[in-house]
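First the structure, in the form of structure tokens, and then the observations on it.
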Amino acid sequence: MNEVQVHHWVAWGLIAVGAMVFISLFFVVAPYGRHTRDGWGVMIPNRLGWMLMESPAALAFGGIYALGAHALEPVPLALAAMWLTHYAHRAFIYPLRLKATQKKMPLSVPAMAITFNLLNAYVNARWISQLGHYPLSWFRDPRFIVGVVLFAIGMAVNIRSDNILFALRSPGHAGYRIPHGGAYRWVSAPNYLGELIEWGAWAIATWSLAGLSFFLFTAANLLPRAISHHRWYKRTFPDYPAERRAVIPWLL
Ligand code: NDP
């Protein structure tokens with residue numbers, strides 16, 4: 001089997017695992033954040049967990065990207081900049097902004113996420129810097145332009161929504177309140193909505209199986225979790241806004 005075939009099967013493997021994750025998450029909610037619970041093994045500090053699980057998505061992506069034959073070409077560089085902007089924030093800035101530093105997560109959560117992030121970094125970095133073909137004219141292609149614009153919108157929605165959540169807590173406090181403002185007007189998990197828009201946009205900008213596999217996996221992971229959050233809010237707060245949906249305005 002040559003590398004193109006290996007790459008192809010790893011991408012399809014991620015889609016298949018994503019389908020299993022999607023079904024499983026309706027029965028077992030991932031045990032971190034408000035859904036943390038005992039019985040999942042060794043616990044580690046939340047902040048460390050986030051850095052551990054997200055840093056491979058930045059570092060492994062950067063390393064694998066740099067080894068590709070097209071690594072210094074303008075379009076692959078622009079695509080890599082999008083990815084690395086997201087993951088530099090997620091792996092190294094976001095964890096430092098967490099307020100409830102005393103909270104913990106089971107080590108098994110980062111362990112699973114690291115495995116996924118390494119495979120996903122390979123699939124996407126290898127595609128844009130080696131196996132895919134992105135000539136200069138891709139800069140004028142509507143798929144690239146739409147992808148870049150949507151990616152920026154998704155990232156803005158994601159970060160703004162997380163900022164609203166951060167503002168609900170003072171340092172060291174771990175309680176929950178009803179978030180208001182921004183896209184919380186419409187949904188309970190606009191940070192997840194922003195994340196979904198970002199990776200949908202990435203799939204469009206790269207127009208690749210690699211990008212599609214990541215978008216599908218993200219949806220498989222975040223849609224059930226958004227529904228769990230939404231149900232939790234409704235159970236926890238009797239005055240929770242009735243018109244608010246889980247993650248897709250007016251629909252879901
Ligand atoms: P959550 O929305 O569950 O939590 C985000 C942060 O806000 C946490 O620190 C949480 O604290 C706090 N928080 C949440 N709700 C409230 C509230 N009502 N009142 C006060 N504080 C609150 O997001 P996740 O932790 O699941 O995800 C964090 C980020 O990572 C998001 O931007 C998400 O999009 C992204 N992500 C991406 C994934 C992907 O597949 N690409 C997968 C998972 C996450 P606490 O931890 O104590 O609950």
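The values are calculated or read from the model by the stated rules, or taken from the named source; none is laboratory data. No experiment lies behind these values; they were computed from the predicted model shown. FYI the Cβ positions are ideal-geometry reconstructions off the backbone, even for glycines, and counts take in every protein chain you see.
Couple of notes before you dig in:
- Pairs with Cβ under 7 Å, 6+ apart, first in the stretch 169-181 and more than 21 Å from Leu96 (Cα to Cα) and within 6 Å of the ligand (Cβ to nearest atom), second part of a loop (DSSP other than H, G, I, E, B) and among the charged types (D, E, K, R): none
- Filter result for Tyr65 (at pLDDT 95 or above, surrounded by 14 or more Cβ atoms within 10 Å (Cβ to Cβ), within 16 Å of the ligand (Cβ to nearest atom) and not polar (S, T, N, Q)): no
- Condition met for Trp40 (at negative phi, free of Cβ contacts under 8 Å to residues at least 40 places away in the same chain and not hydroxyl-bearing (Ser, Thr, Tyr)): no
Quick grid of which residues meet (1) outside any helix (DSSP H, G or I); (2) within 22 Å of Val10 (Cβ to Cβ); (3) within 12 Å of the ligand (Cβ to nearest atom); (4) not small (Gly, Ala, Ser):
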| site | (1), (2), (3), (4) |
| --- | --- |
| Ser213 | no, yes, no, no |
| Leu216 | no, yes, yes, yes |
| Asn221 | no, yes, yes, yes |
| Ala226 | no, no, yes, no |
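- Of the listed requirements (1) closer than 30 Å to Gly68 by Cα; (2) under 18 Å from the mean Cα position of the chain (by Cα), Leu136 misses just one: (2).
- Highlighted here are the helices (runs of 4 or more DSSP H) found entirely within the stretch 68-141 that include at least 2 residues which are more than 11 Å from the ligand (Cβ to nearest atom) and more than 18 Å from Leu222 (Cβ to Cβ): 74-88, 108-126.
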